[in-house]
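The values are calculated or read from the model by the stated rules, or taken from the named source; none is laboratory data. Please read these numbers as outputs of a predicted model, since none were measured by experiment. Because the Cβ atoms are built from the backbone with ideal geometry, glycine has one as well, and the counts that use them run over all protein chains shown. Surface areas here come from the heavy atoms of the whole protein model, side chains and all, with no ligands, DNA or RNA. Shrake-Rupley method; radii C 1.70, N 1.55, O 1.52, S 1.80 Å.
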Amino acid sequence: GTLQWNILQNLVLDTKLGVELWQLTEKFKRGSKTTDGFPDGNAFSSNDQYVNYNLNSTLQYTDQVGDHKYSILGGIDVQRSQNTAFSAFARGFPSDLLKNISSAATPVSETGTGTDFSFLGYFSRISYSYKDRYLLALSGRIDGSSRFGKDVRYAKFPAVSAGWIVSDESWFKSIPVIDFFKLRGAIGKTGNAEIGAFPALGLVGFGFNYNDLPGAAITQLENPILTWEKASQYDGGVDFGILGQRIRGSVGYYVKNTSALLLNVPVSRVNGFTTFTQNLGEMENRGWEVDLTADILHGGNLRWTMSGNFSTVKNKVKTLFA
């Protein structure tokens, strides 16, 4: 759902709420006369439920004073996701007429899982332009994720970008062929939290049997300082249009340095584990990005447009040590 409220002439509140819900139930029964159900039948039952909430709310103020335009925006992002699943398998039915798994004599396996994570982000952006020709934008985010250690869940991600529409300058008007020419550049930081829901926690698994007795065992080591993977990116380029905008495109170059990589690092088996999730290492990516679009035919009842892009990536692992 979307709610938009013009609080004042230049002040707008925009709120979006999304809810995703699905549930999958699966059941099957194999009779005693089937190949997989011989000799006394078996059955399987499962239930999987997923709920996801997304809330995005912004408050934006825009205004213009002479040749000066500016916009101030602040907002919040909230996400909460929950997933639960249960399944059971049993065999030994006294009659093929019985369908429910509860009628089986011998439970073979039962599993139950639950996953829960949440994100919370605060962001702001200030945009400014002079004569629609000189452009500047400042932005910042503070993001938090439940996937990290409780004392290091939040990180700051600032960014700044600038642009100059050179083709709007009076002295540029005399240059033939080129209709639009813009210089742009940006620098900023981003974060990555695309890992499992509980990698920072020490986990214990139950149901392990030792000498036919129930018990528990540690299944994952705790890492309370596990935090965001961070990337700093610098890029610059030009956007252009020529021959009445029939040919348009962009050329850009970027450098991206990623640190505190989220890696499942191999550890000695003497600890009882083979991997341990850590922030480790540094990597650099750099390359060119080129986009080009051309209107081959434009007019009448026929229009033919072609687009293409080209990019290069040079990857360098700087370190894989702490």
Pairs of Cα atoms under 8 Å, at least six residues apart: use those to get the relative contact order of the chain, whole percent.
9 percent
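Taking the Cα centre of the chain as origin, work out the dipole magnitude from +1 charges on Lys and Arg Cβ and -1 charges on Asp and Glu Cβ, in debye rounded to 20.
Here the size comes out at about 380 debye.
Where Lys and Arg each count +1 and Asp and Glu each count -1, what net charge lies around residue 251 among other residues with Cβ under 10 Å from its Cβ? Each step should come with its number before you reach the end.
Numbers: positive: none; negative: 239, 289, 291.
Around residue 251, the charge tally is -3.
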Just order 261-269, 133-141 by mean Cβ neighbour count inside 10 Å, highest at the front, would you?
133-141, 261-269
Grab the other residues whose beta carbon is less than 13 angstrom from that of residue 50, score K and R as +1, D and E as -1, and report the net.
-2
Quick one: which of 156-162, 111-117 comes out on top by average Cβ neighbours within 10 Å, and what's the full order, highest first?
156-162, 111-117
Take the alpha-carbon centre of the stretch 42-105, take the same for the stretch 202-263, and report the distance between them in whole Å.
22 Å
In whole Å and largest first, what semi-axes does the C-alpha gyration tensor of the stretch 209-322 yield when each eigenvalue is scaled by 5 and square-rooted?
52, 20, 10
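Take the cross-link list 16/131; 182/318; 150/316; 156/318 and give me the ones stretching past 27 Å between alpha-carbons. Each step should come with its number before you reach the end.
Values: 16/131 32 Å; 182/318 34 Å; 150/316 32 Å; 156/318 23 Å.
From the list (16/131; 182/318; 150/316; 156/318), the Cα-Cα distance tops 27 Å for 16/131; 182/318; 150/316.
If you roll a 1.4 Å probe over the stretch 207-295 with all protein chains in place, what percent of the accessible area is carbon or sulfur? All intermediate terms of the calculation are to be shown ahead of the outcome.
Details: 2880 of 5170 Å².
Answer for the stretch 207-295 is 56 percent, counting heavy atoms of protein chains only.
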Please compute the modelled spin-label separation between residue 5 and residue 24, points set 7 Å along Cα→Cβ, answer in nm with one decimal.
4.0 nm
Roughly how far apart, in whole Å, are the Cα centres of the stretch 133-201 and the stretch 292-322?
20 Å
Counting only the heavy atoms of the protein chains, how much of residue 57 is accessible to a 1.4 Å probe, in Å² to the nearest 10?
30 Å²
So, relative contact order of the stretch 52-207 in percent, Cα under 8 Å, 6 or more apart, is 18 percent
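Accessible area per residue, 1.4 Å probe, Å², for the stretch 49-113: what's the number?
Numbers: 3920 Å² over 65 residues.
Averaged over the residues of the stretch 49-113, the accessible area is 60 Å².
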How much accessible surface does residue 248 have with a 1.4 Å probe, in Å² rounded to 10?
70 Å²
If you roll a 1.4 Å probe over the heavy atoms of the protein chains, what accessible area per residue do you get for the stretch 125-178, in Å²?
60 Å²
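Subtracting the Cα-Cα distance from 0.36 nm times the residue separation, let me have the gained length for residue 57 to residue 164 in nm, one decimal. Don't jump to the answer; show the numbers that get you there.
Values: separation 107, 0.36 × 107 = 38.52 nm, distance 3.05 nm.
Between residue 57 and residue 164, full extension yields an extra 35.5 nm.
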Considering only 211, 47, 257, give the residue with the highest GNM mean-square fluctuation for the chain, with springs between Cα atoms whenever their separation is below 10 Å.
211
Using protein chains only and a probe of 1.4 angstrom, how many square angstrom of residue 254 are accessible, to the nearest 10?
30 Å²
